[in-house]
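Reviewing the structure listed below.
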Amino acid sequence: MLIIVPIKQVPDTNDVRIDPETGTLIREGVPSIVNPEDRHAVEMALVLKDQAGGGKVVVVSMGPPQAEIALREMLAMGADEAILLSDRAFAGADTLATACALAHAVRQLGQYDLIICGRQAIDGDTAQVGPQLAEFLQIPQATYAQDLRLEGGKIRVERAVEGEVQVLELPLPALVTCLKEANKPRIPTLKGCIGAFREKPFQVWNASRIKVPLEQIGLKGSPTQVRRTFTPPPRGQGIVLTGDPQQAVQTLVQTLREKGIM
Amino acid sequence: MAISIDKNLCVGCGACLKVCPYDAIDLIDRKAILNDSCVHCGACVDSCKFKAILSQAGEGPRKDLSEYAGVAVFAETRGQGLAKVATELLGCGRALADTRKVGLTAFLLGHRIQGLAKDLIAHGADRVVVVDDPRLAPFRTAPFARALTSVIQQQKPEIVLIGASGIGRDLAPRVANRLKTGLTADCTGLAIEEGSGLLLQTRPAFGGNVMATIVCPHHRPQMSTVRPGVMKPLPRDDHRQGTITEAKVTIKETDLRTVVREVVRLAGKKVDLSEATVIVSGGRGVGGAKGFEGIRDLAEALGGQVGASRAAVESGWIEHDHQVGQTGKSVSPRLYIACGISGAIQHLAGIAGADFVVAVNRDAQAPIMKAADVAIVGDLHQVVPLLAAEIRRARKENAA
Ligand SMILES: Cc1cc2nc3c(=O)[nH]c(=O)nc-3n(C[C@H](O)[C@H](O)[C@H](O)COP(=O)(O)OP(=O)(O)OC[C@H]3O[C@@H](n4cnc5c(N)ncnc54)[C@H](O)[C@@H]3O)c2cc1C
Ligand SMILES: Nc1ncnc2c1ncn2[C@@H]1O[C@H](COP(=O)(O)O)[C@@H](O)[C@H]1O
């Protein structure tokens, strides 16, 4: 069984700060991490591989050369092979151009059974790359998966959406996006870490290696463009009540009545 | 993309100067010249009747964008009715359509849903296009993607809005890919850019630390998913007039490969914060699960629901479905009371749609205090019970 897991290296948004003067993002010193939900996707793939009684889990990432470390970490967790799509031509990609590059890479890997993505990446929070990849490959998808099982050559997926759980059955090959509720990602072992650097195959592919037309990737292949970025404007300052709490509470209730809120 | 102007083709008509959002084109010796302000956004390309403005995207023949007109929304259904986000999309779609001076269409897809068409008109649609097919119930990605794509291809709207709900975020990326157009996820602000007429799609990124405004200049339709709970629906007006038409689409056998085995509604005390009109939320300052009793009591006094910050949820004091914010729910109540919540940007991102915000916090400098219409500086363990009592007293007085 061949399972492909696209993973993304992202800045840890817990540590992203805004420069109060310029209003821009300070990314200096912000650690890069593997997108949290992608770890759950790798875990899901590893469990499924065992369930299937063998196979291969290949992690793929499109990103700058330093994304290698994110892929190595996933090898240490237990993935079998890693491919880094790295080429200046990929830069500036929106979700469509990202999915396009990933789709071409997947086609290079031959016959696969399943693709597992994270639900969304914490830098952009779009949750679009998975479904757009599935569309390029013309395969069925199940997003928001909290459980995944093999059943007689098909997969059974529980999708959690809007206060419901949908139980779906999909033929393979298919694409699933994984929620963090699905599992608890394993911690890499020391042996795993050594293997990740010494033994396991790691390749870097450029645009020509995946045979993708240059106008479909990177900035050129991106229909959307960022017009501007800014820090969210604060809501206006209202009334501040200090001192006696009883007094404050009475003033509040009166204000609410005057505004017709209660 | 890189923009350039072919001097030989330029006749100096100046049409491009008017559409440039950046004042980046000068007319020198009756030729349009790009100046340093040009960001290569491409807004000018289609304004040139003489094809003198070139963009080096090299995407083959450019789509004729002028074929596309009007605003359309995807009318998501929930059970027998409309999802709340559908009416929110109509509210915001109406404003966009009026600015563009075009019509507003709702695409209603499902099985035995025709009855909802008049509700869509009452909430602002000029036209409803219905696709009724038994294979469109319950929701499945592939047949819905097929049906929505083909309705968009038939109607050619310039803007398509879809709710950023579980269904919308599953469906929209596939449709946008099939149409080979752009899609902006989870927008919290939409507007029409003066001059270019482009849709300005604003959304939070980096965990709500920054906002980004995204455009889709050369592809149509311009598509966005829109965060539920942010846009305001129009009040229902049954006198509104509109037309209802049926569309035919061809769903293929291969679209039906996924089987829905069962749908389990998560039973019991399901909270629906996105629909609540009053929400009382507690954060880390509440101090523990027991502290939430006071929050619950205040919510009860106001007839509202209980919300929470991520810190409170992650401490295990309350379940995840109460979480408000970036990774929780976006809410749009008339009254939001935040108790012991500092007001991190990710929390504030979820309450942008609230009409009136009250904060109770010991720390006058907490960010929430600057975001509140009324900020009470004090210990919530004192203030919250007092407030509940005062509200009950005022209620009684009102009733008398
Ligand atoms: C990607 C990402 C997504 C996130 N999504 C969300 C989200 O959806 N929702 C969310 O809420 N957070 C979210 N967060 C977390 C967010 O950044 C904050 O960490 C969180 O909101 C803090 O919760 P809090 O205000 O309850 O706690 P704190 O920041 O610890 O604030 C507690 C407040 O209580 C006050 N206080 C303490 N005791 C009392 C008392 N007795 N009386 C009155 N006041 C008191 C303190 O002065 C303080 O201001 C997200 C973070 C990231 C990185
Ligand atoms: N550059 C990338 N390389 C590999 N996988 C990606 C990349 N971007 C997104 N993905 C995958 O798509 C998922 C959703 O990302 P997004 O649509 O950006 O929120 C992620 O969790 C990854 O599994």
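The values are calculated or read from the model by the stated rules, or taken from the named source; none is laboratory data. Everything numeric here is computed off the predicted structure, so don't read it as measured data. So basically every Cβ, Gly included, is an ideal-geometry build from the backbone, and we count neighbours across all protein chains shown.
Side notes on the structure shown:
- Verdict on B:Gly182 being surrounded by 17 or more Cβ atoms within 10 Å (Cβ to Cβ), modelled with pLDDT of 95 or more and within 11 Å of chain A (Cβ to nearest Cβ): yes
- Matching entry among A:Phe202, A:Phe136 (being under 19 Å from A:Leu96 (Cβ atoms), surrounded by fewer than 24 Cβ atoms within 10 Å (Cβ to Cβ) and within 16 Å of ligand 2 (Cβ to nearest atom)): A:Phe136
- Checking A:Ala142 against (1) more than 9 Å from every other protein chain (Cβ to nearest Cβ); (2) surrounded by 24 or more Cβ atoms within 10 Å (Cβ to Cβ); (3) within 21 Å of B:Glu253 (Cα to Cα), the condition it does not meet: (1)
- Filter pass, A:Ala121 being over 19 Å from B:Thr184 (Cβ atoms) and either touching a residue at least 40 places away in the same chain (Cβ under 8 Å) or facing chain B (nearest Cβ under 10 Å) (or both): no
- Every condition in (1) in a loop (DSSP other than H, G, I, E, B); (2) buried (at least 23 other Cβ atoms within 10 Å of the Cβ) holds for A:Pro188 except the one numbered (2).
- Members of the stretch B:84-120 found to be buried (at least 21 other Cβ atoms within 10 Å of the Cβ) and either more than 15 Å from the chain's Cα centre (by Cα) or under 23 Å from B:Val263 (Cα atoms) (or both), listed by number: B:Val85, B:Ala86, B:Ala97, B:Leu104, B:Thr105, B:Ala106, B:Phe107, B:Leu108, B:Leu109, B:Gly110, B:Ala117, B:Leu120
- Taken together, the residues in the stretch A:213-261 that are in a loop (DSSP other than H, G, I, E, B), surrounded by 13 or more Cβ atoms within 10 Å (Cβ to Cβ) and either of a type in the set (Asp, Glu) or more than 7 Å from every other protein chain (Cβ to nearest Cβ) (or both) amount to 5.
- When residues of the stretch A:71-94 are limited to those that are among the aliphatic types (A, V, I, L, M) and within 18 Å of A:Lys184 (Cα to Cα), the one surrounded by the most Cβ atoms within 10 Å (Cβ to Cβ): A:Met74
- Index of the failed condition, A:Gln128 passing every other in (1) crowded, with 24+ Cβ neighbours inside 10 Å; (2) touching a residue at least 60 places away in the same chain (Cβ under 8 Å); (3) within 14 Å of chain B (Cβ to nearest Cβ): (2)
- The strands (runs of 3 or more DSSP E) located wholly in the stretch B:185-234 include none with 3 or more residues which are more than 16 Å from ligand 1 (Cβ to nearest atom), farther than 24 Å from B:Thr149 by Cβ and at the interface with chain A (Cβ under 9 Å from one of its Cβ atoms).
- Hey, B:Asp272 charged (D, E, K, R), more than 14 Å from ligand 1 (Cβ to nearest atom) and at pLDDT 95 or above or not: no
- In the stretch B:325-364, the residue that is modelled with the lowest pLDDT out of those that are touching a Phe, Trp or Tyr at 6+ places or on another chain (Cβ under 8 Å) and of a type in the set (A, V, I, L, M) is B:Ala354.
- Condition met for A:Ala207 (in a helix (DSSP H, G or I), out of contact with any Lys or Arg (no Cβ under 6 Å at 6 or more places or on another chain) and in contact (Cβ under 8 Å) with a residue 40 or more places away in the chain): no
- For A:Ser208, the conditions (1) touching a helix residue (DSSP H, G or I) at 6+ places or on another chain (Cβ under 6 Å); (2) away from chain B (no Cβ under 14 Å); (3) hydroxyl-bearing (Ser, Thr, Tyr) all hold with the exception of (1).
- All positions within the stretch B:229-255 that are modelled with pLDDT under 95, of a type outside the set (D, E, K, R) and within 20 Å of B:Asp133 (Cα to Cα): B:Val249, B:Thr250, B:Ile251, B:Thr254
- Considering (1) hydrophobic (A, V, I, L, M, F, W, C); (2) more than 16 Å from ligand 1 (Cβ to nearest atom); (3) surrounded by 21 or more Cβ atoms within 10 Å (Cβ to Cβ), the lone condition that A:Val167 does not fulfil carries the number (3).
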